[in-house]
Amino acid sequence: MIFINPKLDQRGPCTPEMAALLTCWATSSVDSPSCAQTVQALTECMRRAPKSSKHTNTINYHLARLGKFL
């Protein structure tokens, strides 16, 4: 059976803020008050991020249907 893999390298809109928060947590403890600013930045980014609708790809459905004729 033939399958098309979706592109997995799509980055979210808040990836830099998440990376900064994980770096801050790695260098200090999770409960550190020095990471409060990065937590706030990530929270604001997540609040402002556009809500994307889930688009379902039908290529695998069509390939399964056409696979019977190959």
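The values are calculated or read from the model by the stated rules, or taken from the named source; none is laboratory data. For clarity, every value in this text was computed on a predicted model and none was experimentally measured. In this analysis, Cβ positions are derived from the backbone assuming ideal geometry, glycine residues included, and neighbour counts consider all displayed protein chains.
Of the residues L63, L8, L22, which single one is within 18 Å of the chain's Cα centre (by Cα) and either at pLDDT 85 or above or surrounded by 12 or more Cβ atoms within 10 Å (Cβ to Cβ) (or both)?
It is L22.
Within the stretch 41-58, track down each residue that is surrounded by fewer than 12 Cβ atoms within 10 Å (Cβ to Cβ) and part of a helix (DSSP H, G or I).
Residues satisfying the conditions are R47, R48.
Cβ-Cβ below 9 Å, separation at least six or inter-chain, first residue in the stretch 49-67 and aliphatic (A, V, I, L, M), second modelled with pLDDT of 75 or more: which pairs?
Sorted first by the residue in the stretch 49-67, then by its partner, the pairs are A49/G12; A49/P13; A49/C14.
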